[in-house]
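The values are calculated or read from the model by the stated rules, or taken from the named source; none is laboratory data. The structure presented is a predicted model; accordingly, all values stated were derived computationally and were not measured. Neighbour counts are summed over all protein chains in view; Cβ atoms, including those assigned to glycine, are modelled from backbone coordinates with ideal geometry. Heads up: the accessible areas ignore ligands, DNA and RNA and are worked out on the full protein's heavy atoms, side chains in. Shrake-Rupley method; radii C 1.70, N 1.55, O 1.52, S 1.80 Å.
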Amino acid sequence: MEETELIRVENAGLILVWPFLRSYFEQLGMLDGDNFKDSESQHRAVYLLQYLVYNEIDFSEYRLPLNKILVGMPLVQPVTPVASLTTVEIEISESLLNGFKANWSKLENSSLAAVQENFMQRDGSLSRSENGYSFKVESTTIDVLMHDISWSFSAIKLLWMQMPLYVDWI
């Protein structure tokens, strides 16, 4: 990705769950220490992240750049599609979403579908700089509820990520 290139994404709110991702991938048995145990796990993780946002995994690769960054995969690397998720993967994914919602007091009475539609299915733009990725998320009026989130999402760097992701929720 060139520094001047801008990539549009439709799942920008995925970054809100970043503090839960290490535990999520550990529960799924995908990590070996601080990294994914193999490329199959990393590829599968790309689609599992998409499932968290849309409850489905049938997406073209061009719609997955944020997912690739969050699992430490180079944007130019092709990702192997996943045909279906296991029952365990679905259960752990729903558990993550319920935990995410429970940790955000303003959303505790909201449905998972409402959380996904209002906060995770967001437009954003991704660019690269020498220090990492810059990510801008388009805000809406409902974002007033985000003042109660107890974790930061302005800079994201998971152990397996190649470069940090700097977020500006505008």
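Here are the numbers:
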quantity	calculated
Bridge type composition, the chain - antiparallel percent by DSSP, nearest 5	70
Dipole magnitude of the range 56-163, debye to nearest 20 (Cβ charges: Lys/Arg +1, Asp/Glu -1, about Cα centre)	380
Kirkwood Rh in Å, taken over all unlike Cα pairs in the range 2-60	12.8
Residue 141-residue 84 pseudo-label distance in nm [points 7 Å out on the Cα-to-Cβ vector]	4.3
Where labels lie 7 Å past Cα in the beta-carbon direction, separation of residue 130 and residue 108 in nm	4.8
Accessible surface of residue 7 - all protein chains present, 1.4 Å probe, nearest 10 Å²	40
Residue 23 - accessible surface, heavy atoms, 1.4 Å probe, Å² rounded to 10	60
Size-normalised alpha-carbon gyration radius of the chain, reference 2.2 N^0.38 Å	0.97
Share of alpha-carbon pairs per 5 Å distance bin for the range 18-96, given as whole %	3, 15, 32, 27, 19, 4, 0
Lys pairs under 28 Å by Cα in the range 6-168, provided they are eight or more residues apart or on distinct chains	10
Residue 80 accessible area, assembled protein chains, probe 1.4 Å, Å²	80
MRE, 222 nm, helices only [DSSP H, n ≥ 4, -39500 (n - 2.57), over the chain, to nearest 500]	-8500 deg cm²/dmol
Sites residue 37 and residue 61 - FRET efficiency at Förster radius 25 Å, r taken between beta-carbons, to 0.05	0.70
Percent of Cα-Cα distances greater than 14 Å, calculated over the range 81-135	68
